[in-house]
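The values are calculated or read from the model by the stated rules, or taken from the named source; none is laboratory data. All values derive from a computational prediction rather than experimental measurement. Heads up, the Cβs are rebuilt from the backbone with ideal geometry, glycines too, and the neighbour counts pull from every protein chain shown. Quick note on the areas: whole protein, heavy atoms, side chains included, nothing else; ligands and nucleic acids left out. Shrake-Rupley method; radii C 1.70, N 1.55, O 1.52, S 1.80 Å.
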Protein chains: 2
Amino acid sequence: MQDFIYCAPTRVIFGKDTELQVGKILKEAGATRVLLQYGGGSIKKSGLYDRVVQAVREAGIELYEIGGVQPNPHLSLVREAIALAREKKVDYLLAVGGGSAIDSTKATAVGVPYEGDVWDFYCGKATPKTALPLGVILTIPAAGSEGSNSSVITNEDGWIKRGLGCDLTRAAFAIYNPELTYTLPAYQTAAGASDIMAHIMERYFTNEPDVDMTDRLCESVLKTILKQAPVCVQDPTNYAARAEMMWASTVAHNDFLTCFRVGDWASHQLAHELSGLYDSTHGAALAVVFPAWMTYVYKHDVQRFCRFAVEVMGVEMDFFHPEETALKGIAALRSFFRSIGMPTTLKELGVPENELDLLASKVKRGPDGTTGKFVPLTEADCRAIYELMK
Amino acid sequence: MQDFIYCAPTRVIFGKDTELQVGKILKEAGATRVLLQYGGGSIKKSGLYDRVVQAVREAGIELYEIGGVQPNPHLSLVREAIALAREKKVDYLLAVGGGSAIDSTKATAVGVPYEGDVWDFYCGKATPKTALPLGVILTIPAAGSEGSNSSVITNEDGWIKRGLGCDLTRAAFAIYNPELTYTLPAYQTAAGASDIMAHIMERYFTNEPDVDMTDRLCESVLKTILKQAPVCVQDPTNYAARAEMMWASTVAHNDFLTCFRVGDWASHQLAHELSGLYDSTHGAALAVVFPAWMTYVYKHDVQRFCRFAVEVMGVEMDFFHPEETALKGIAALRSFFRSIGMPTTLKELGVPENELDLLASKVKRGPDGTTGKFVPLTEADCRAIYELMK
């Protein structure tokens, strides 16, 4: 059982039409000049862009914007946003979208008041001392960036993807209208579900003893996804299912489920390489990686994998054969991913079978040559896990 | 499924010896003149008082204090604290203790900058516009005030107990060292457990449909108490059990479990009268009230009570006789309270049997003459529920 510090101060405004409150909320927060960041054209097509712009302008706030934030948001666009924010003397940032728009906005928040280059924060050369405040209108439940302190930016100079964990980048407010997610395609919905589950499972598989309370809380949110993701895929305008997916996205990654625990996070490293080399959707890559990782490591703590099988996946405990119970849980997870349209093999992700050595060599490992806290993995371990994804 | 606004910004510092950080934390927050409030002598006997005073003074902070905060904290002491805070130009408040010390501090926080009398906020005559910042060192897991926006103050002029819900009174930080609770007597430990469970059950019994995610989260925390309260009672220096009780206290009442839901809260009104007239410990009164309330209302939603029986109390579902399953769940809860040393009858609380009419007449009800949202209770209903506590 670990000591911890926990602070998730984001003000959550959740419900129908809540995006219309954004002008009032920004004004109450003292914003006068706001920079909006968003991704592709979907928020324009849906009319969300117009509603947001109108709400902000009606509150008497100057609005500037940077559109076209890419998945795996790019450093060059962040630098552009920082320059624009400085030029226009922006005092508040607003992200409309999912993890990419939010992460780009977080990087902008720490970059604007910093004299050096914002990449310093992501390559570990400097630590942010201050940041512009930021708010979020969430449209994609997946990354959990709306509630987390983390952001990931890709430097196109070498295509280096780096993360920053910094409480100054927690959103001051986050607006959730489940109806905004009705138009998410099934694949993106399922990839989001996989991403949310992965955030929880990274925390769930821990060597910490006596973490029963957060075990149960993790299981609660995992079971919510098992129940609601298929509903969202099959019935995209189901309000309750979309709502629980949105809230689960935040709870999974705002550190509430980290209390008392040490997470693993090797699967994220294994998945990052798939996204980096083959442009796999993050959630889809995680759906391929996680069951393979589990199969490779379950013997490290069979009882924990039995708990996962029984409490999350609904497998009946076989007290004569705990290992079989553990394996059934992993098989059930793989089946679940398949049932919502996620890939579960490298082939489905389009990864050539002869590049596993390359992949394994690229996985980011610590100074001791390993990655992951639950079971520290060497390069050979990573290679073997990729092999299990064939 | 309800829309909601949720913001629980308190910074949680959790672990062994964390109280020693209080000076540093206050200093970083800009505090220069701090008013400390605490209850009886227990924090002096344990040495906690000395450690806190030393830590604050070593940080170069002026410290003033008001001791002797009573359970059901009194308005007169709050007024005294406000006067002292103004006189000494205090800029930060610190509570060391449980719900009473924290609630007294919350009232002081809104009272100091207010020109009128602080009771205005509690009798509904005014709404706080600003407040002094406050921090907490928690020593009693029960009321959840360390994470909540609520406080309850008793006006000795008429012995009127009134609550205030106000986000300005959320603690800026809360420090938890489970070892500080090792010396809590078994009865107080059990009453705290009952209070925590009651906060969750008030939220759990709702008429809102489609609240599966927060149902599960409620069940997780309830099961934590079922597991850890008996451990704390029998093995008072069990760190993990004390730690989970502390964290459960906060999670139960900081509104995280309110998301999407409408709570009931009739049982709290029924218990308030027992505390008011017979000075019953709040948690003990709730242990008497809740099973009686459940027995009276379970037919309103047998399936919800079956869920409680199965998912929380571990009763096997009898699909032929759901009502029996529901009743077995209630019986199991009553047995649990008894097993940790809580009373489950009015007689054990020392309430005279011939005063039930008086009790029922005093229960606070709304303009429509009822109390409670799950099942609105009339005075006659309240009388009947008290009858079930005999």
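Summary table below
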| read-out | value |
| --- | --- |
| Relative contact order %, chain B, counting alpha carbon pairs below 8 Å whose residues are six or more apart | 15 |
| Electrostatic dipole magnitude of chain B [Cβ: Lys, Arg +1; Asp, Glu -1; Cα centre; debye, to 20] | 760 |
| Accessible-area value, B:E65, 1.4 Å probe, nucleic acids and ligands omitted, Å² | 70 |
| Counting DSSP beta bridges with both ends in chain A, the antiparallel % (nearest 5) | 25 |
| Distance histogram for the stretch B:1-124 (every C-alpha pair counted, 10 angstrom bins, percent rounded to whole numbers) | 12, 40, 34, 11, 2, 0 |
| Largest-first ordering by accessible area, 1.4 Å probe, given options A:S150, A:S76 | A:S76, A:S150 |
| Interchain or long-range residues, amide H under 5 Å from A:S145's placed H | none |
| Rounded accessible area of B:K27 (nearest 10 Å², 1.4 Å probe) | 120 |
| Whether the stretch A:198-300 is rounded, prolate or oblate, judged on the alpha carbon gyration tensor where a/c under 1.5 counts as rounded | oblate |
| Residue among B:I196, B:I153, B:I43 with the largest mean-square fluctuation in a Gaussian network model of chain B, springs linking Cα atoms under 10 Å | B:I43 |
| Inter-label distance for A:N207 and B:Q303, nm, one decimal - labels placed 7 Å from Cα along Cα-to-Cβ | 4.6 |
| Rounded to 5, the percent of DSSP beta bridges in the stretch B:34-164 classed as antiparallel | 25 |
| Candidates A:E244, A:E28, A:E146, ranked by Gaussian network fluctuation over chain A, Cα under 10 Å, top entry | A:E28 |
| Under 21 Å from the Cα of B:K328 - lysines, other chains or at least 8 residues apart | B:K223, B:K227, B:K299, B:K390 |
| Chains B and A together, accessible area buried on both sides, 1.4 angstrom probe, square angstrom | 3400 |
| Helix-only [θ]222 nm of the protein assembly as shown, DSSP H runs n ≥ 4, -39500 (n - 2.57) each, per residue, nearest 500 | -14000 deg cm²/dmol |
| Ranking by accessible area, most exposed first, for A:L333, B:L388 with a 1.4 Å probe | B:L388, A:L333 |
| Relative contact order (percent, whole number), the stretch A:191-307, Cα cutoff 8 Å, 6+ residue spacing | 37 |
| Descending principal axes extents, the stretch A:124-242, alpha-carbon based, whole Å | 46, 41, 31 |
| Inter-chain shielding of B:244-254 (mean C-beta neighbours from other protein chains, 10 Å cut-off) | 2 |
| Distance (nanometres) between label positions extended 7 Å along Cα→Cβ at B:E62 and B:K16 | 3.8 |
| Only Lys, Arg (+1) and Asp, Glu (-1) charged, at Cβ; the stretch A:27-109 dipole about Cα centre in debye | 60 |
| Reachable lysines from B:K89, criterion Cα separation under 24 angstrom, eight or more residues apart if same chain | B:K24, B:K27, B:K106, B:K129 |
| Fraction of beta bridges assigned by DSSP in the protein assembly as shown that are antiparallel (%, nearest 5) | 30 |
| Efficiency of FRET between B:T127 and A:Y114 - r from beta-carbon atoms, R0 56 angstrom, step 0.05 | 0.90 |
| Cβ charges +1 (Lys, Arg) and -1 (Asp, Glu), total dipole of the stretch B:188-270, debye | 280 |
| Relative contact order, percent, the stretch B:2-74 [alpha-carbon distance under 8 Å, six or more residues apart] | 39 |
| Dipole of the protein assembly as shown, positive direction: furthest Cα of B:Y38, B:V211, A:A142, with charges on the beta-carbon | B:Y38 |
| Label zone at A:E28 (point 7 Å along Cα-to-Cβ), backbone N below 20 Å, the stretch B:146-189 | B:148-151, B:164-172 |
| For the stretch A:338-390 versus the stretch A:53-109, the gap between their alpha-carbon centres in whole angstrom | 35 |
| Candidates A:E19, A:E219, A:E324: whichever shows maximal mean-square fluctuation once chain A is modelled as a Gaussian network with Cα springs under 10 Å | A:E324 |
